[in-house]
1. Sort the following peptides by mean Cβ neighbour count (other Cβ atoms within 10 Å, averaged over residues), highest first: 383-394, 10-21, 460-471.
2. Pop a pseudo-label 7 angstrom from the Cα along the beta-carbon direction at both residue 239 and residue 200 and give the gap in nm to one decimal.
3. Given the chain, what percent of its DSSP beta bridges are antiparallel, to the nearest 5?
4. Kindly state, to the nearest 0.05, the FRET efficiency for residue 493 paired with residue 209, given R0 = 30 Å and r defined as their beta-carbon distance.
5. Give the order of 69, 120, 113 when sorted by the count of other beta carbons within 10 angstrom, beginning with the fewest.
6. Roughly what % antiparallel, to the nearest 5, for the DSSP beta bridges in the range 92-196?
7. Which of the following values of log10 I(q)/I(0) by the Debye sum over Cα atoms at q = 0.06, 0.07, 0.10, 0.12 Å⁻¹ was calculated from the structure shown: (1) -0.42, -0.54, -0.89, -1.10; (2) -0.37, -0.49, -0.88, -1.13; (3) -0.28, -0.38, -0.82, -1.20?
8. Report D for the range 369-501 in µm² per second (integer): Stokes-Einstein, Kirkwood Rh on Cα pairs, 25 °C, 0.890 mPa s.
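Please treat every number below as a calculation from the coordinates, not as lab data. Fair warning: this is a prediction, and the values are worked out from it, not measured in the lab. Note: ideal-geometry Cβ built from the backbone for every residue, glycine included; neighbour counts use all protein chains shown.
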């Protein structure tokens, strides 16, 4: 097995040099990506409609078409799903990633091309391996198998050979033969449709294999890990798999789940590595385990633009290219990809933590924030406050969501929280106070509105039983690998549904 490490290390040297190049030359790297995208996109219906033949620069590209939403692409994607060729991307698209962000009411079906899969998802997976082997040359992670928490696929009617499903499932289904050996429970089990049966079968098979890595969304990794331990009557994963080395996580912030995971996956012996991999593409990797930010991967066939979040929706707003961004600004991310998404407002927000190299941290979603009273609370604020409150009151939160409540008689309001705990605080009032204080500490706008209860009164907190959020996901048909709980909402839709399930 050390021979495998050596062979991969040889390949990694050239790749790591390429990564070093775009770290120091981000503009040149992105210009190359854009040139290639425009050349290939010019052969499509979209490219012809938007004059791709006349595009010579990033400025031309931005003038050629407006920022796009999913609704703008919907008629084109509908034709692609029926089997039409050369619509948004050259050729016929056979895979569509099903995405609803954080459990929206309507699913989106995003095209995934062969080239996009190879240049984005598969290159991302390889780069994770290259980074890891450069840090730990003697690693034994390739001596065993890996558990990947993936979704499922289903055929598209009247389009022979085409499939739709979670991006994770598409990536697993199209894995090169050489890498299929590493999928511990096997491809067939990993892609099972019935989520309850799949979790049980993965646990049953994996507990009898030499597993060295788990990859997936933190919430589902937590659920699966507990299933492993329950079956084997063990306290932590290393008692089942003594050679277990690394947890690769992404999709949502790990912070609210960190204490839960660290109980079963001790960080003193197991490495935690974060990636930014979405239905739309693979965007960033944690390239330094001593940091909590992620290196933006600028040569994965994605052209990035960044729009200050407060400018989203303004008709004259001008997004910035990679060479013009600043640290500390909350940007909405706009992408153009090798699967035919053009100037697509993905919905995620990020902040740059460093330039040269360009590293980011994910701060939330454009639509998932609360600003009912000018408090400008984003997902990142809420997650930090939860973590701080848990530390102060010695408890562990499993899931939560927040929405505003308005008191019509006084024109005041509050934030209403629904929280499911792994370990509840002994003093619930102390937790509520700590949560409020923590949010005031991380968000000065919220603090100002809370001053003497001027506009915002203390938060209202509901403590709900375990499995409440899982039951809510299940009731919405969202028990899958990439479905997540919406942390914040400016409306009360999600919160009211969850309270109904909790019978509050």
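1. Working: 383-394: 19.1, 10-21: 13.1, 460-471: 16.6.
For the peptides 383-394, 10-21, 460-471, the packing ranking is 383-394, 460-471, 10-21.
2. The answer from the label model is 2.4 nm.
3. Working: 46 of 71 bridges.
Counting DSSP beta bridges with both partners in the chain, the antiparallel share is about 65 percent.
4. Values: r = 42 Å, r/R0 = 1.40.
Calculated value: 0.10.
5. Working: 69 11, 120 27, 113 23.
Placing the least packed residue first, the sequence is 69, 113, 120.
6. On the way: 8 of 12 bridges.
Given both bridge residues lie in the range 92-196, the antiparallel proportion sits at roughly 65 percent.
7. Among (1) -0.42, -0.54, -0.89, -1.10; (2) -0.37, -0.49, -0.88, -1.13; (3) -0.28, -0.38, -0.82, -1.20, the one calculated here is (3).
8. Details: Rh = 15.1 Å.
So the translational diffusion coefficient is about 163 µm²/s.
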